[in-house]
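Working notes for the structure below.
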Amino acid sequence: MSRDCWPRALLWTKAAVAPHPPDVVAWPASTAEVVQVVRYAAAQKVPIVPFGAGSGVCGGTVPIKGGIALDLKRLSGPPVIDLPARTVDVEVGTNGQRLEELLGAAGATVGHFPSSIYCSTVGGWLAARSAGQLSSRYGKIEDIVLGVEVVDGTGELLRTQDAPCVGPDLTQLLVGSEGTLGIITKARLRCWPRPSSHWMRGIRFATVQAGIAALRVLMRSGLRPAVARLYDPLDTLLAGRGGSGGRIGVPEPLRWIVDGAQTEALRLSLRAPALLNRLVEALPASSLLILGFEGEGPQGADDAREEGEAAVRLLATEGGEDLGATPGEKWLANRYRISYRQSPLFSAGAFVDTMDVATTWDRLDALYRAVLDAVAPHAFVMAHFSHAYLEGCSIYFTFVGLAGAPAGESDVEDLESAETRYDSCWNAALSAACDAGATLSHHHGIGLQKQVFLPREHGEGMRQLRALKQAFDPNGILNPGKLLL
Amino acid sequence: MRGNGDAPVEPPANGALLELVALDRVASMDSATGIARVEAGCSVAALETAARRAGATLGPLLPSVRAGSVGAWLAGPTRGDRGIPGARRETAALSLAAVLADGHLAESRAAPRSATGPDLDHLALGGAGRLCVIATAWIRLFPAAPPAYAAWHMPDVATGVAAIAQLCRDRLAPARGMVRVREGGVLAAMSWEGPESARIFRDRATRRLGERLAIDAGPEVRAPASARGVEIDARWESLEQLARRADVAEIALYGMHAGGAFAVLSLASLGVEQCAEAARATGATVVAPRRLRAAAPSWAEMGAGAIWTRLVAALGAEEAA
């Protein structure tokens, strides 16, 4: 309850410190109990930090002002599925994978598959504006949610409507509020018949720029892939996704990082991130697009193939080379694994972090290059273009840098220098992203990590944000110190 | 507020009318990315003309939206929503620059999606200018391409509407639909858009609904909805209920998604006021004519009346009478 999966907080754990423990933990089992806790906290002016499964990566649930950690995982009664109406009512403490299993038994899916699905809750998805890996087809969580039940900072209960209503969309003002405006207790989500078939492909492009151009053409064609992820040359090569060649030709220092090499070798290679990044530039550069379509019912396989083949024909006109089904199927089989490969790197004294930014197609390549250049002196960096829309795309950068001593040797002094190196990398990356016109976050949220850049994102919109805080939480008790509120 | 194309508005007794007609520029048009930067007073028709010239389009929109200004569209009851492939809706406003009550200009980042707190654009979208005034917007555009059309005979209007609802629930949402009583029966005509997808989805719909009529369904879809119709936002349950009325003459559908649609509803022998009343009785909200729209936001009905009051005060905005 004193941290989530923010990599900076993992450095705390490595140094055996927990700087922000909550004073108490509450486990409400019903909305009524949430109301009781909030009314108590409002009367006593005690902070409340809502907590789901703790998979956030920005420090959004770190109780920096102490108070009550409100663990919502007991709000996990059985979902009410109405497949003919395409809706499911769910309590926010419900684990993501559990929800999909229950939906699957009813022949349904929400289609929200974040890589954290095993260790995240519906409430966490809504609080942070989460995205799943199939967002091109199903949308992000703000596209999937139809209504929410929320306890505001005064302990009043409100329920937004899954029906036409007049005035500003209250649901969209609450989704993404990271626990600062209200505590979401229930949600109605869109659900769909579960796909009967997946059609997967790998498509290779000569350069990442050619891949970006092709991805734009695909997304504007009206076809709706479930998966459309473009890996930059390094990400393509290191994962062995590049078809013929695989990892052949990858210099030793890069392999040490990706293969979770021995501590000393890894630390040696990360001492010179700029050199590593220059090695990457010399690699043969092809870029891989993982493409997937889905179909439902008895015609599902034919439907998925029909759209897939139309997409492959279209991408061929943009220089895309069809690598067959294997790269796509391999991605599908391994799609949650990467998140669990990071422990050896942290133990060795490295940090691994990811930055999720997004912009429109016209600015995308410039954003990609600007962030690579800015991060190169600080960390080893690679990227993939992970969530594509009609008018733009997100970029998911992965940084690997040297943060401090290996596990067991880290102390408070080491932590201080480790945090400084970590923060330098992030400041460079976020400054470059802001300068390139990108949004600071596509789906991780803001938390503690990005909030100093929030005024650059919103400008005078910070006035609107503060007004929302005054309206929803006049006592200032809900997750204080987040979103600069 | 009033922009180009908007009907004359009487200024409130203790206030002023904000004429935005001079804010009418299409500042940029990028059809490759599919975005245009436009001032709020520009008419939707002028924006569509500029988009078409560049090979792009706003896509199908309700007649009242198409007749008014961009500001009225975004601040109005449809919140700029449009249907997108996959039977979903999203707002056409990629980002907004809005003037706050204290005179500051708040401009959001032009990104396809973001996770940087609440979506602040939603203080302006659908807000009817109560909380802030939209000055400029980045608008999302579709590529312009010939639609695929199809039409079927239906035993009655209710069956036609139910068939379209099921297509939407099965992700085959048309871009436009028209269910119309004609001499000798009921016709359901639809169009699908998308350079590569229109025919695929039209043909899948044909497999569901049976062989389509051997007619050019384009004129049937494009024919203006009855001038006596009322424009509504409704769930499919509401639309199916309205379609079962004996006096239903025509239902034109836009912005369809798995849960419902915008519609122009025409009931034979009933005036616009009675049409609106019938629609409201099913849970629909009125989009046009403007005089029949609900006056106040639905926040109080959702338990957020006190929040609305505090929000208005915090923003320094004042409720118009």
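The values are calculated or read from the model by the stated rules, or taken from the named source; none is laboratory data. All of these numbers come straight from a predicted model, not from anything done at the bench. Virtual Cβ from ideal backbone geometry, glycine too; neighbours counted across all protein chains shown.
Have a look at B:156, B:102, B:216, B:203 and point out the one that is at pLDDT below 95, surrounded by fewer than 20 Cβ atoms within 10 Å (Cβ to Cβ) and more than 8 Å from every other protein chain (Cβ to nearest Cβ).
Criteria check complete, one pass: B:216.
Does residue A:446 satisfy the condition of being touching a Gly at 6+ places or on another chain (Cβ under 7 Å), farther than 25 Å from residue B:102 by Cα and facing chain B (nearest Cβ under 7 Å)?
Yes: the conditions hold for residue A:446.
Could you please let me know if residue A:300 is in contact (Cβ under 8 Å) with a residue 60 or more places away in the chain and within 14 Å of another protein chain (Cβ to nearest Cβ)?
For residue A:300, the condition - in contact (Cβ under 8 Å) with a residue 60 or more places away in the chain and within 14 Å of another protein chain (Cβ to nearest Cβ) - is met.
Contact list please: Cβ distance under 7 Å, first residue in the stretch A:397-411 and assigned by TED's automatic domain parsing to the domain that holds residue A:427, second residue crowded, with 19+ Cβ neighbours inside 10 Å and of a type in the set (D, E, K, R), pairs at least six apart or on different chains.
Note: pairs meeting the criteria are A:399/A:353; A:407/A:14; A:410/A:14.
Given the stretch B:9-102, what strands (runs of 3 or more DSSP E) lie entirely inside it while holding 2 or more residues that are of a type in the set (D, E, K, R) and in contact with a strand residue (DSSP E or B) (Cβ under 9 Å, 6 or more places away or on another chain)?
Here the list reads B:35-39, B:81-84, B:88-91.
I need the full set of residues from the stretch A:127-155 which are at the interface with another protein chain (Cβ under 8 Å from one of its Cβ atoms), surrounded by fewer than 24 Cβ atoms within 10 Å (Cβ to Cβ) and within 17 Å of residue A:185 (Cβ to Cβ), in order please.
A:146, A:154
Please count how many residues of the stretch A:36-86 are of a type in the set (Lys, Arg), out of contact with any Pro (no Cβ under 9 Å at 6 or more places or on another chain) and under 27 Å from residue A:190 (Cα atoms).
1
Cβ-Cβ below 9 Å, separation at least six or inter-chain, first residue in the stretch B:270-295 and at positive phi, second assigned to a strand (DSSP E or B): which pairs?
Sorted first by the residue in the stretch B:270-295, then by its partner, the pairs are B:283/B:234; B:283/B:235.
In this structure, is residue B:1 within 14 Å of another protein chain (Cβ to nearest Cβ) and surrounded by fewer than 24 Cβ atoms within 10 Å (Cβ to Cβ)?
The answer is no for residue B:1.
In the stretch A:1-106, which helices (runs of 4 or more DSSP H) lie fully inside it and hold 1 or more residues that are more than 27 Å from the chain's Cα centre (by Cα) and surrounded by fewer than 18 Cβ atoms within 10 Å (Cβ to Cβ)?
A:31-44
State which residue is farthest from the chain's Cα centre (by Cα) when the search covers only the stretch B:269-288 and only residues that are assigned to a loop (DSSP other than H, G, I, E, B) and at pLDDT 95 or above.
Taking the candidates together, the pick is B:282.
Consider the stretch A:46-104. How many of its residues are of a type in the set (Lys, Arg) and within 14 Å of chain B (Cβ to nearest Cβ)?
1
Tell me which residues, restricted to the stretch B:209-227, are of a type outside the set (Asp, Glu), touching a strand residue (DSSP E or B) at 6+ places or on another chain (Cβ under 8 Å) and assigned to a loop (DSSP other than H, G, I, E, B).
B:210, B:212, B:213, B:215, B:217, B:223, B:225, B:226
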